[in-house]
Each structure stands twice: as structure tokens, then as C-alpha cells.
């Protein structure tokens with residue numbers, strides 16, 4: 001399994017949230033976006049925002065079983081931490097759970 005922390009168009013918001021990224025991770029995620037293999041983080045967060053409002057706490061991009069998955073943790077308006085797995089190519093929510 002390949003795992004990246006990444007920063008894209010939401011660089012400022014993610015830095016405020018304290019997400020650290022490596023230079024190679026950023027380059028690889030940019031390459032994947034430019035080649036059309038994954039949606040940008042902004043696109044995915046826009047889609048997710050239609051379902052759940054909240055503050056982004058953490059974002060990871062992983063390659064699992066031959067596909068890229070965004071793992072996103074949000075702090076909901078009610079104070080709960082919600083975890084989402086989203087297909088990075090389509091933006092479809094694969095899994096959602098309440099973090100403990």
C-alpha cells in the first residue's frame with residue numbers, strides 16, 4: 001500500500017489544520033492530477049461538502065487494491081470527528097464512519 005499526505009489547492013486551509021506534506025508526495029499527487037488519474041483535493045472536498053459540513057483535520061491519499069483513495073477526517077459542526085474514504089478518480093464516497 002502506498003500512502004501520501006498531500007497538499008493541493010487548499011494549501012492554506014490545510015496548513016492551518018496542521019497537515020504536513022513531503023515534497024515528493026506533493027509532486028506525485030500533482031502528477032496524478034495532471035494525468036487525470038485522480039480528482040483534485042478541492043474537487044473532492046467540494047463534493048464532500050454537499051454531504052457534510054465541517055473543518056478538515058487530515059487528508060491522506062493512498063493506493064489500495066489498484067486504486068487511489070482519499071482518506072479525509074472532518075470535525076463536524078456538532079463536534080464529532082467523521083472519517084471518509086473517497087474514490088480519488090470519481091469522488092464517490094466509499095465509506096464513512098464516526099471516529100472514536
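Points to keep in mind about this one:
- Taking the numbered list (1) at pLDDT 90 or above; (2) more than 11 Å from the chain's Cα centre (by Cα); (3) assigned to a loop (DSSP other than H, G, I, E, B) in turn, residue 21 passes all entries but (1).
- Hits in segment 70-100 (condition: out of contact with any helix residue (DSSP H, G or I) (no Cβ under 8 Å at 6 or more places or on another chain), closer than 22 Å to residue 35 by Cβ and assigned to a loop (DSSP other than H, G, I, E, B)): 89, 90, 92
- Complete set of residues in segment 30-50 that are surrounded by 15 or more Cβ atoms within 10 Å (Cβ to Cβ), closer than 19 Å to residue 73 by Cα and out of contact with any strand residue (DSSP E or B) (no Cβ under 9 Å at 6 or more places or on another chain): 40, 43
- Contact annotation: residue pairs with Cβ atoms under 8 Å, 6 or more positions apart or on different chains, pairing a residue in segment 33-60 that is part of a helix (DSSP H, G or I) with a partner that is surrounded by fewer than 14 Cβ atoms within 10 Å (Cβ to Cβ), are 41/9; 42/9.
The values are calculated or read from the model by the stated rules, or taken from the named source; none is laboratory data. Quick caveat, the model's predicted, so the values are computed rather than measured. Using ideal geometry, Cβ is built from the backbone for each residue, glycine included, and neighbour counts are taken over all protein chains shown.
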